[in-house]
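The values are calculated or read from the model by the stated rules, or taken from the named source; none is laboratory data. What you are looking at is a predicted structure, and each value in this text was computed from that prediction instead of being measured. Note: ideal-geometry Cβ built from the backbone for every residue, glycine included; neighbour counts use all protein chains shown.
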Amino acid sequence: MSPSLKGGITPEFASHVCMNYCRAMCCRGALVLSLSEAEAGSFQERSDDLGATVVLTRRDGGGAWVRFSDHEGERCPMLDPKTFRCRIYKDRPQRCRDFPEKPTPGCPISGSVQVEHTR
């Protein structure tokens, strides 16, 4: 579970908010996703399975990063642009599992914005 998930919000509700309220803003825009060496391999393998194009930039010493602006729609290549669902959610990188790591302005699951829990 994320270290900065707003108190009282379940991971399931957080996922609902991300897809339906903010439309996965954390997976779109001029952002960079840092991956460990194992995650980079898995990310590439999963993208191949899905027929998605992924531009990985390898780091010296292992690992890689994915710059969302290098991909169609300036988004994570694993984000479904129609549903805003992560296509590898069960196998997503640790960085994604840990989001939000701190209170993030505009992010309702980090406690910066109020969202009514009606689910």
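So here's what we get for this one:
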{"item": "Sole residue being in contact with a Lys or Arg (Cβ under 9 Å, 6 or more places away or on another chain) and either modelled with pLDDT under 95 or surrounded by 12 or more Cβ atoms within 10 Å (Cβ to Cβ) (or both), chosen from D91, D60, D98, D70", "result": "D91"}
{"item": "Residue satisfying condition, being surrounded by fewer than 19 Cβ atoms within 10 Å (Cβ to Cβ), more than 27 Å from T10 (Cβ to Cβ) and of a type outside the set (A, V, I, L, M), within set G29, G51", "result": "G51"}
{"item": "E45 touching a residue at least 12 places away in the same chain (Cβ under 8 Å), over 14 Å from C96 (Cβ atoms) and of a type outside the set (S, T, Y)", "result": "no"}
